[in-house]
Amino acid sequence: MSNFPTGASARRLVSSVQKLERTLATAGLPRFVARLPVCWLSWHYCRMLDQKISRMRKIAGKFDSWGPTIREISPRAQEKLEMLDLDRSMRTDIEFTKTTMMELRDYCVDIGRLFEQLGYQSAGLHRRQTMLMEVLEASCASASRMQEALTQHDEMVLARLRAEADATTAAAAKALV
């Protein structure tokens, strides 16, 4: 994934673009020409956001299809005691993905601030930022539903294993008496 400038790098980028804009204006170029570096930067981020939106939609689609699949196969898997995630690695991986998506959301907000600092407004950039945030929030919600499905499955399988262990222990105790 391409990195969005945040923190110090965003401040340096804003400073550089403002300096370039001042230099172009001081050189006697019309304001709209001096503003071209900011326009190009906005265009660049729009292209980057388009790519992110496309990738996030694919990820959301995977979460949307995996969650129902887990719920659908869960009863059969319980019978065979399959798909047990004792070490919680699947849920941990999903949580890591959600954290990464929320970081991407924060970067998107930082980009909005960057252009506010530059005094630049772009309807296209704003529309893409809104779209990315909506996709990210939907993806995180879908990922959470998938985590819940995994937890429910594991709890049911563990309850079945406990019941079988209790029955075995009771039978063994009965046999000793």
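The values are calculated or read from the model by the stated rules, or taken from the named source; none is laboratory data. Source: prediction; values computed, not measured. All Cβ positions, glycine included, derive from the backbone under ideal geometry; neighbour counts span all protein chains shown.
For (1) surrounded by fewer than 16 Cβ atoms within 10 Å (Cβ to Cβ); (2) closer than 30 Å to residue 21 by Cβ; (3) among the hydrophobic types (A, V, I, L, M, F, W, C); (4) touching a helix residue (DSSP H, G or I) at 6+ places or on another chain (Cβ under 6 Å), each residue gets a yes or a no:
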position: 107; (1), (2), (3), (4): no, yes, no, no
position: 117; (1), (2), (3), (4): yes, yes, no, yes
position: 127; (1), (2), (3), (4): yes, yes, no, no
position: 136; (1), (2), (3), (4): no, no, yes, yes
position: 152; (1), (2), (3), (4): yes, no, no, no
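Among the residues of segment 143-177, those that are without any contact (Cβ under 8 Å) to a residue 24 or more places away in the chain and under 16 Å from residue 87 (Cα atoms) comprise 148, 155. For residue 116, the requirement of being at pLDDT 80 or above, over 12 Å from the mean Cα position of the chain (by Cα) and assigned to a helix (DSSP H, G or I) is met.
Which residues, counting only those in segment 33-89, are at pLDDT 85 or above, aliphatic (A, V, I, L, M) and under 13 Å from residue 146 (Cα atoms)? Passing the criteria: 59, 60. Number of residues in segment 124-137 that are in contact (Cβ under 8 Å) with a residue 40 or more places away in the chain and under 9 Å from the mean Cα position of the chain (by Cα): the value is 2. Of the listed requirements (1) among the hydrophobic types (A, V, I, L, M, F, W, C); (2) at pLDDT 85 or above; (3) outside any helix (DSSP H, G or I), residue 4 misses just one: (2). Determine if segment 155-175 includes at least one residue that is closer than 30 Å to residue 52 by Cβ, at pLDDT 85 or above, β-branched (Val, Ile, Thr) and surrounded by fewer than 19 Cβ atoms within 10 Å (Cβ to Cβ). No: segment 155-175 contains no residue that is closer than 30 Å to residue 52 by Cβ, at pLDDT 85 or above, β-branched (Val, Ile, Thr) and surrounded by fewer than 19 Cβ atoms within 10 Å (Cβ to Cβ).
Here 69, 99, 92 are screened, and the one residue that is of a type in the set (S, T, N, Q), exposed (fewer than 14 other Cβ atoms within 10 Å of the Cβ) and within 12 Å of the chain's Cα centre (by Cα) is 99. Within segment 95-111, residues that are more than 11 Å from residue 129 (Cα to Cα) have Cβ atoms under 6 Å from residues that are in a helix (DSSP H, G or I) and at pLDDT 90 or above in these pairs: 98/140; 98/143; 101/136; 101/139; 101/140, counting only partners at least 6 apart in sequence or on another chain.
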